[in-house]
Amino acid sequence: MGKMIEIRWHGRGGQGAKTASLLLAEAAFNTGKYVQGFPEYGPERMGAPITAYNRISDGKITIHSNIYEPDYVVVVDETLIKSVPVAAGLKENGAVIINTSKSPEEIKKELNYNGKVYTIDARKISEETLGAYFPNTPMLAAVVKITGVIPVEVFLNDIEASFKHKFANKPQVVPKNMEAVKRALEEVKGNE
């Protein structure tokens, strides 16, 4: 098995964490990587906490379980940091990426984690570019930038093609989604 990156997503039902994890898996697969992208199913419903996972590797993946010691944790809804142990098992040399208007320093104080913390205001970006709250698109872009799992230019081309396919009946939303992606790549803030 080659170098593998494991990512755990925390969100609420309806926020698109599962969709973002699947889009990341698809984009990485298109670059020749071995991938897994899957949700943890339970009694999910709109607003209920959900978990999704990604494994991305240069070699075959032989592990078929949830991810308990991720390299990265993505938190799509910052209210979860008060009710879910989002940093549990997170590797010390990993990172947390959180959707919040707070700074990385402010969030680091709220987490029980000493590693890197990155923040992005996915709500603001999605509301300003898409006209509604769809945090998964900006969060996906932030994950690509922070993890470096696929080159940004390759990701941009792949996600645009994916949007064109997904929104074939609404092509006017593709440029708005691409704007959200590009803003997220620029606006994610890091704390080393």
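The values are calculated or read from the model by the stated rules, or taken from the named source; none is laboratory data. Keep in mind the model is a prediction, meaning the values are calculated, not measured. A quick note on method: Cβ atoms are made from the backbone with ideal geometry, for glycine too, and the neighbour counts reach across all protein chains shown. Keep in mind that these areas ignore ligands, DNA and RNA; they rest on the heavy atoms of the full protein, side chains included. Shrake-Rupley method; radii C 1.70, N 1.55, O 1.52, S 1.80 Å.
General remarks:
- Selected residue [part of a loop (DSSP other than H, G, I, E, B) and not β-branched (Val, Ile, Thr)] from Ala141, Ala132: Ala132
- Filtering Glu6, Glu26, Glu40, Glu69 for residues that are touching a Leu at 6+ places or on another chain (Cβ under 9 Å) and either open to solvent by 40 Å² or more (accessible area, probe 1.4 Å) or charged (D, E, K, R) (or both) leaves a single hit, Glu69.
- Which numbered condition Gly190 fails, given (1) touching a helix residue (DSSP H, G or I) at 6+ places or on another chain (Cβ under 6 Å); (2) in a strand (DSSP E or B); (3) of a type outside the set (A, V, I, L, M, F, W, C): (1)
- Residue tally, condition open to solvent by 10 Å² or more (accessible area, probe 1.4 Å), within 28 Å of Lys3 (Cβ to Cβ) and either modelled with pLDDT of 95 or more or of a type in the set (Lys, Arg) (or both), over the stretch 110-123: 2
- Breaking point among (1) open to solvent by 10 Å² or more (accessible area, probe 1.4 Å); (2) in contact with a His (Cβ under 7 Å, 6 or more places away or on another chain), for Leu80: (1)
- For the stretch 92-109, a residue qualifies if it is open to solvent by 70 Å² or more (accessible area, probe 1.4 Å) and free of Cβ contacts under 8 Å to residues at least 60 places away in the same chain, and the qualifying residues are Glu92, Asn93, Ser101, Glu106, Lys109.
- Restricting attention to the stretch 124-141, the residues that are open to solvent by 70 Å² or more (accessible area, probe 1.4 Å) and of a type in the set (A, V, I, L, M, F, W, C) add up to 1.
- Listed by position, the strands (runs of 3 or more DSSP E) inside the stretch 13-109 whose residues that are at pLDDT below 95 number at least 3 are 34-40, 49-57.
- In the stretch 144-157, the residues that are in contact (Cβ under 8 Å) with a residue 60 or more places away in the chain, in a helix (DSSP H, G or I) and under 16 Å from the mean Cα position of the chain (by Cα): Val144, Ile146, Thr147, Phe155
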